[in-house]
Amino acid sequence: MPARLPSWVWVTGLTVGAVAAVVVLAVQADRGPHPAPTAAVSPTPRATASPSPSASPAPTGVPDDSGTGRRIVYSVDRHRVWLIDASDASRRTFSVWPGTVAPDPGSYTVSLRKEGPITGSDGVKIQNILYFGVKSGVNLAFSNALDGASPPPAATQTTGGIRLRTADGTALWAFGTTGTKVTVVE
């Protein structure tokens, strides 16, 4: 009959395995594409809603007119966010679902963070909320739904929430501390 291992050996082994898995996932999440920048976009703002992020491949290059330094870049037209580090390298990019109120192009900062959960203006439970502006009395913020869903807002609702997938919301929450620059481009 084989010798039975003490319980502390099992606990240690499981802990080491879990830490290794977290490290691998963190490294994978930190890797982002580093493509060449694309052409500048036009300066005309729009307010649109989409049932889901575009299924067609979107250009993932950081917009030329998005500034420099550590920042969050949001493209209204592309429905895309980039997390840019201090060396101007894109650490992560992902598609998003916009609300019905689009922020005007320009420079903002993360002014308030709420981990949640809270109920969004559309009645959906959300978390990882990063507020960065106000337009026409509507708060502009990034967030993700607790259940991972992102249905399009009803045409009668006025929402400034920009919804993310859960994993992207977690990454943005870790990146976007209070005072982090947010650059909005077309």
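Count the net charge of all other residues whose Cβ sits under 12 Å from the Cβ of Gln127, scoring Lys and Arg as +1 and Asp and Glu as -1. Spell out each step's value before the answer.
Values: positive: Arg113, Lys114, Lys125, Arg163; negative: Glu115, Asp147.
In short, +2.
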Would you please calculate the Kirkwood hydrodynamic radius of segment 54-131 over all C-alpha pairs and express it in Å, rounded to one decimal?
-> 14.1
Would you mind giving the three semi-axes, in whole Å and largest first, of the ellipsoid equivalent to segment 74-186 according to its Cα gyration tensor?
-> 20, 16, 13
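Each value in this text was obtained by applying a stated rule to the coordinates, not by laboratory testing. Please read all numbers here as calculations on a predicted model, not as lab measurements. Reconstructed Cβ throughout: ideal geometry from the backbone, glycine too, with neighbour counts over all protein chains shown.
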